[in-house]
1. Kindly evaluate residue 62 against the criterion of being farther than 16 Å from residue 108 by Cβ, more than 18 Å from the chain's Cα centre (by Cα) and assigned to a helix (DSSP H, G or I).
2. Quick test of your reading of the structure: residue 1 fulfils all but one of (1) in a helix (DSSP H, G or I); (2) at pLDDT below 90; (3) exposed (fewer than 14 other Cβ atoms within 10 Å of the Cβ). Name the failing condition by number.
3. Which of (1) outside any helix (DSSP H, G or I); (2) at pLDDT below 85; (3) under 29 Å from residue 3 (Cα atoms) does residue 124 not meet, given it meets every other one?
């Protein structure tokens, strides 16, 4: 039984702790991304509304995948509703409403990829997590990172290279080769 099957089984029983411990953060990240900076403060409300709707429909779900798709669809619809009411994101709505199924699939794949990436990063030794945070998340240049960590710039470059190798090892088998290659290419070029 994989983690989503376990969470789904517990959710159907009314046990929400495994859900909140494992899926809530990824749903919150997805909602925050959909809402953008201006409306990110409403992400938790959207997630809670989606969870409530899924909980009301618990008896109708026959598989973890059906349940998960329902959650993401509800969450996406809640976010769109917030954006519509705010009328500040008209461009976003016009793009996402053209073909909601295709956009949801892409959003779902993107969020799954981000979740896998961060799960892999969290298992790395601290020095590589620090390099990732400073370079990728904060956008610092090698010289700035070297200065902050009190190491030579060449050390930062080598650690970045090793970081990419470690991520490749950790993500191999969890993603298809093309997706993994593209993700690592994007990370390498970000650095």
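1. Criteria not met by residue 62.
2. (1)
3. Failed condition: (2).
The values are calculated or read from the model by the stated rules, or taken from the named source; none is laboratory data. Small disclaimer: the values here were computed from a predicted structure and weren't measured. Positions of Cβ are generated from backbone atoms using ideal geometry, with glycine treated the same way; all protein chains shown enter the neighbour counts.
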